[in-house]
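What follows is one structure encoded as structure tokens, with my remarks underneath.
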Amino acid sequence: MDTLYISSHPDDFRSLLPLVAAEFCLSPPRIVHEDPPAEVARSRPALVLAGSGGTVLTGANAVSWYLAAAGNRTGSDKKQESQVWQWLSFAENELMPVACAVTFPLLGIMGSSKAELLRVLKALDETLALRTFLVGEGVTLADIAVAVAALLPFKYALEPADRKSLVNVTRWYNTCVNQPQFLKVLGKISLSCLKDLFVSVSLLFSGPPKTEAQLKKEAKKREKMEKFQQKKEMEEKKKAKPEKKELGVITYNIPTPPGEKKDVLSPLPDSYSPQYVEAAWYSWWEKQGFFKPEYGRKNVSEPNPRGVFMMCIPPPNVTGSLHLGHALTNAIQDCLTRWHRMRGETTLWNPGCDHAGIATQVVVEKKLMRERKMTRHDLGRENFIQEVWKWKNEKGDRIYHQLKKLGSSLDWDRACFTMDDKLSYAVQEAFVRMHEEGVIYRSKRLVNWSCTLNSAISDIEVDKKELTGRTLLPVPGYKEKVEFGVLVSFSYKVEGSDEEVVVATTRIETMLGDTAVAVHPDDSRYQHLKGKTVVHPFCDRKMPIVLDDFVDMNFGTGAVKITPAHDQNDYEVGERHKLPFINILDENGLLINVPPPFLGMKRFEARKAVLQALKDLGQFKEVKDNPMVVPVCSRSKDIVEPLLKPQWYVDCREMGKQAADVVRNGELKIIPDHHLKTWFNWMDNIRDWCISRQLWWGHRIPAYFVTVNDPSVKPGEDVDGHYWVSGRSEEEAREKAAKRFNVTADKISLRQDEDVLDTWFSSGIFPFSIFGWPTESEDLRVFYPGTLLETGHDILFFWVARMVMMGLKLTGKLPFKEVYLHAVVRDAHGRKMSKSLGNVIDPLDVITGISLEGLHAQLIESNLDPLEIEKAKQGQKSDYPSGIPECGTDALRFALCAYTSQGRDINLDVNRILGYRHFCNKLWNAVKFAMRTLGEGFVPWEKLCGSESVSDRWILSRLSAAVALCDGGFQAYDFPTITTAIYSFWLYELCDVYLESVKPVLSRTDSEGQKQADICRQTLYTCLEVGLRLLSPLMPFVTEELFQRLPRRHSQDSPSSICVTPYPETSEVDLSMEFVMSVVKTIRSLRADYNLTKTRADCYLQCIDSDTAALVQTYSLQIQTLSYSQAIHPVVGGDSTIPQGCAVAIASDKCTVHLMLKGLIDLEKEVTKLTVKKGELEKQMEKMKEKMAKNDYKEKVPVKVQEADAEKVSGKEMWEMVLNYSFLQLLVLKKSATYCFLSS
């Protein structure tokens, strides 16, 4: 084990960094809170690597990198690793120095600069605006280093107002320090506590034990310091302006009957409130028919040159309530649907709901037992099904109401339920046709069996629980937990000899059904046993030793017990070698076909009994831990058993080949294409599909077992497909049977199969059954095949593949042209959503907000056991210490779309959703300000006049660029590009630049100025109107609310809602303002370099030609305003006309910026500062080069650390060049060579 020598001080950055990094290791080092032995290292932290000849790593960064790399926290590729190193450097060289400087002065240790700290944190805040973590989508060493560096100011220095201004940093910081690994090292962080600071810093600088006199002196000093701090706080309270109170929730209280249009004449509230904005709009949209494909046309068959867009919803379970997976699916699908609708296409997004066979039956059975103490068997099949329909009619449309809350623009008049008559008829037709063709057949094979449900279940309903070794798991029907994760070895005696063969198993009870032992044909250890048999210890069964290639000679003893009736691999061996198949389990998990005393035992009680019996016989060898995967039924939590049962199967070979071919030849496109490998792997190696379930709720299989009342026809067996017929009715089935057996119909007796079809069977035909297939209809003709299937990648095989196979088989057409697969939602820490972790989030709680107590209450109402509830509560408390704030539907939708760039999984941080809620507020305020600027009587022109200023043309060009990006993003399903383009346009271009740049224009009173102001207002209106339409598919509620307040260009024939207004299209881009903005950014950068925060300076712009100078002169007012300059002076040609005392920077190939500094800065002070910085840099460089020059450096130091050192040297060399350049600038200003510090 590695050993980490570390300081025990609670605020020592150098120690905390490796300590937190160590918590992410799979094998953390041993922690020693003392100095390392002198022969090992001279300072802490030091990491002594075990088994490496005494290799020692020292220094916080080197140690932390090694530990973080061991926990996969240094980035997923070279680019991310480089970014992590940059943040490490930022933490050590930029943040940590100012953090100490602002914290320690409270004890008079060194000078402070809170403004400098806030400047550094502001830069960090901007970086985190659109990110949850600094690098990638999970915690890395970058987050660990920067969070630990920020620990001092967050604990001791930053006031609530400071933290409020740093909303993104505070969100990120809280996310980091509440990670379990941080909490283990740091504990719960309490913010800004001066008393703790005094104690902490005193400890940090403490030496030997202090005398009584020293302690008294320190006590006086502490008392004096506390009084000083109280006085300081009083003074600041007097100076401070009264803090603006948070606005409460604003609600829409104007009486509006459902379906009527919301009042838009009343003034907008002062601030954005989701409850106000989202009220009343949905019912109006629905009543107006905006979501129907017939809207704006006579019928759906009317030719539309824009085309048709059709997509069906992945039908949620009728038992379900909305979770974030649904929210993501519906956010993406609704954005696409609204975009296609606004493009003028005939658009249908068809809703539906799945009957969810197992889930629904379980819910209703529990309800029956809870309320009436009855089982379904007490009621009987028909009465039980009536109970299910009753429950469905009462509770089943809950999820539809939730989808409406999300703003989903579905055509609810076309909503379908998979048990409706129309869809049930389609299911029956599909089964009969496929059975008649021989594609559906009956066979006895191994299935996933739930003893609790008494039914076969599909692979998607089996959870794979990974165990690392011996584990006790709860199993329904057992009082005590059952042991799993062990490998039991025992022996079989070879018949007629003293030899024995040792085998091993994780399910010792299944040895009662063994019928052979298998060895590899090339295994020399067992060649002499070829043709021999072994004897079963509990019965007189003789079992052959068979030779089979599937055996791994290197695993265990190389001999494998074969239980053909209870293991998939063994089943195939049994088939190959014609072995007996002995079923030892009944449907309830009780042992059958076994000798006493095991007969009738429960399977896991038999596990203990068999083990003891083997010990008694002396044939038990050993038990050892064994990592394994245990199959668990997701519905009942029972352990799934492979069981031989006669079932109905679909022959998938030919259909699977077709499904693979249509993707290979480009007829069907799967996006993203990294899912193609999975698709081809499944389709090329597809197995037949078991479609029968032993349930009562679902589509009863339209197949009938035939008994012929004629002595000339021998009785049939259940597994014999010849004795099964299918039919759309019992009469049709009887006629088929009479014809098959060549008897009259009156001699035929039929028994319909009790089983129902797998839910995925009805879901597989959903894209055409919803339109009435097999009956021809207008909808089927217009909307099938559909355009797109959008869903999560986790059901690519279970649903998507089956729709493709069954669509091709039954209609001869693909059900859709494209498949877009989104990611799976996980929590902010990358964990799967799980009730027991307390991280399952109801989207409605994000929309409306919920307290921590409210989250706890939901757990209590769940089916979790008390221990899991407590664990889940701790998870909620860690992630949502103050509950979940009200974010609103629009912010949730926008966030979910912004997240979809993360590949397979989405690590959803609720705090980031809150950031988009703030974006809604900024949007709200910007539109309110702009509307005041437009004025009461504003009338938009038919089109822009062509005399727009460069500022106007620039913002129009940025708008055009945003439109192009959004159009391309929607075409490519690149949702982050769309969200970033819209976010950047509204915030960074319209609000930050354009609105600021036109304020001087709007304030002019002369006639020419008024004319320009009118043009400016028209431009502003265009930006608002087009910008809202651009955003509408993502944020339908807030855009509708604001759009309704804007005047219309064509008031008479203008669409009544933004959701049916045309989506913006691209236009030309004007590049003039790009040049202006590059000049502005260069001036701002120079001002920042010389700390000219408030002082305005003259600026000379040296232009390469007269055209550039004319451009600068024309827009000098905008440049002056945006760069906070005193005056702008365009200069053509040489610099003889530019006064001395300027700092210089290049803005573009046509313009150089000269910023006048003479008289504005203290040159001596600036030179001194640079001298100190240069001296420190030289020392660091010398130390680093000395370290790297050591003889054993390349042998002892890990390669990653060497690469990091090289990067550090390179970075410091670059920093040296920057310092040298700054010195040159100052030397020019001083007109002296006495401060020449340039190195060769």
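The values are calculated or read from the model by the stated rules, or taken from the named source; none is laboratory data. If you're wondering where the values come from, they're calculated on a predicted model, not measured in any experiment. Reconstructed Cβ throughout: ideal geometry from the backbone, glycine too, with neighbour counts over all protein chains shown. Surface accessibility is based on the protein's heavy atoms, side chains included, excluding ligands, DNA and RNA. Shrake-Rupley method; radii C 1.70, N 1.55, O 1.52, S 1.80 Å.
In table form, for the structure just shown:
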item	result
Segment 1077-1097, residues that are surrounded by fewer than 18 Cβ atoms within 10 Å (Cβ to Cβ) and either touching a Pro at 6+ places or on another chain (Cβ under 8 Å) or outside any helix (DSSP H, G or I) (or both)	N1091, T1093, K1094, T1095, R1096
Of residues in segment 884-939 being among the acidic types (D, E) and either open to solvent by 20 Å² or more (accessible area, probe 1.4 Å) or modelled with pLDDT under 90 (or both), the one nearest to the chain's Cα centre (by Cα)	D905
Sole exception among (1) assigned to a helix (DSSP H, G or I); (2) within 26 Å of E116 (Cα to Cα) for K1158, by number	(1)
Lone qualifier among K813, K809 - being touching a residue at least 12 places away in the same chain (Cβ under 8 Å) and outside any helix (DSSP H, G or I)	K813
First in segment 682-707 and within 18 Å of S455 (Cα to Cα) and basic (K, R), second anywhere and open to solvent by 10 Å² or more (accessible area, probe 1.4 Å) and assigned to a loop (DSSP other than H, G, I, E, B), Cβ under 7 Å, 6 or more apart	R693/D755
Of all residues making up segment 988-1014, the number that are open to solvent by less than 10 Å² (accessible area, probe 1.4 Å) and in a helix (DSSP H, G or I)	5
Cβ-Cβ under 8 Å pairs, at least 6 apart or on other chains, segment 414-425 side basic (K, R), far side open to solvent by 10 Å² or more (accessible area, probe 1.4 Å)	R414/D779; K422/G772
Matching residues, segment 148-194, being among the aliphatic types (A, V, I, L, M) and within 13 Å of E23 (Cβ to Cβ)	V148, V177, L183, V185, L186
Test: residue in segment 1162-1173 that is among the polar types (S, T, N, Q) and open to solvent by 70 Å² or more (accessible area, probe 1.4 Å)	yes
Entirely in segment 585-700, the helices (runs of 4 or more DSSP H) that have 3 or more residues that are within 30 Å of T468 (Cα to Cα)	603-617, 676-684
Qualifying residue in segment 740-750 (condition: surrounded by 18 or more Cβ atoms within 10 Å (Cβ to Cβ), in contact (Cβ under 8 Å) with a residue 24 or more places away in the chain and assigned to a helix (DSSP H, G or I))	yes
In segment 853-868, residue farthest from H323 (Cα to Cα) [restricted to those that are of a type in the set (A, V, I, L, M, F, W, C) and open to solvent by 20 Å² or more (accessible area, probe 1.4 Å)]	L867
Any hit, segment 444-459, residues being crowded, with 22+ Cβ neighbours inside 10 Å, part of a strand (DSSP E or B) and touching a Ser or Thr at 6+ places or on another chain (Cβ under 6 Å)	yes
Checking F985 against (1) surrounded by fewer than 19 Cβ atoms within 10 Å (Cβ to Cβ); (2) within 28 Å of T127 (Cβ to Cβ); (3) touching a residue at least 12 places away in the same chain (Cβ under 8 Å), the condition it does not meet	(1)
Members of segment 505-522 that are over 14 Å from S491 (Cα atoms), touching a strand residue (DSSP E or B) at 6+ places or on another chain (Cβ under 7 Å) and in contact (Cβ under 8 Å) with a residue 60 or more places away in the chain	T506, T515
Within segment 917-941, tally of residues that are part of a helix (DSSP H, G or I) and either aliphatic (A, V, I, L, M) or closer than 14 Å to W986 by Cβ (or both)	15
Residue that is nearest to F894 (Cα to Cα) [pool: residues in segment 408-440 that are among the aromatic types (F, W, Y) and touching an Asp or Glu at 6+ places or on another chain (Cβ under 9 Å)]	W412
Filter result (out of contact with any Gly (no Cβ under 8 Å at 6 or more places or on another chain) and not in a helix (DSSP H, G or I)) within segment 781-805	Y784, G786, T787, L788, L789, E790, T791
All positions within segment 545-560 that are open to solvent by 30 Å² or more (accessible area, probe 1.4 Å), within 30 Å of T471 (Cβ to Cβ) and free of Cβ contacts under 8 Å to residues at least 40 places away in the same chain	F550, D552, M553, N554, F555
Segment 1015-1040 - residue that is assigned to a helix (DSSP H, G or I) and among the hydroxyl-bearing types (S, T, Y) and, of those, modelled with the highest pLDDT	T1039
Those residues of segment 561-599 which are among the aliphatic types (A, V, I, L, M), closer than 22 Å to V640 by Cα and out of contact with any Lys or Arg (no Cβ under 8 Å at 6 or more places or on another chain), in sequence order	I562, A565, V573, I582, I584, I592, V594, L599
Residues of segment 1119-1164 satisfying the condition of being out of contact with any strand residue (DSSP E or B) (no Cβ under 7 Å at 6 or more places or on another chain) and on the phi > 0 side of the Ramachandran plot	Y1124, G1133, G1159
Failed criterion for R297 (all others in (1) crowded, with 18+ Cβ neighbours inside 10 Å; (2) assigned to a loop (DSSP other than H, G, I, E, B) hold)	(1)
The one condition in (1) open to solvent by 30 Å² or more (accessible area, probe 1.4 Å); (2) at pLDDT 80 or above; (3) farther than 21 Å from W954 by Cα; (4) outside any strand (DSSP E or B) that G1134 fails to fulfil	(2)
Residue in segment 1103-1119 that is acidic (D, E), under 25 Å from I1161 (Cα atoms), in contact (Cβ under 8 Å) with a residue 12 or more places away in the chain and open to solvent by 50 Å² or more (accessible area, probe 1.4 Å) present	no
Selected residue (only one of K479, K542, K493, K532 is in contact (Cβ under 8 Å) with a residue 60 or more places away in the chain, open to solvent by 70 Å² or more (accessible area, probe 1.4 Å) and out of contact with any Leu (no Cβ under 7 Å at 6 or more places or on another chain))	K493
Residue satisfying condition, being open to solvent by less than 10 Å² (accessible area, probe 1.4 Å), in a helix (DSSP H, G or I), among the aliphatic types (A, V, I, L, M) and within 28 Å of R338 (Cβ to Cβ), within set A872, A962	A962
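Per-residue answers, yes or no, for (1) open to solvent by 30 Å² or more (accessible area, probe 1.4 Å); (2) touching a Cys at 6+ places or on another chain (Cβ under 9 Å):
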position	(1), (2)
S43	yes, no
L47	no, no
A50	yes, no
L67	no, yes
G71	no, yes
A91	no, no
M96	no, no
A99	no, no
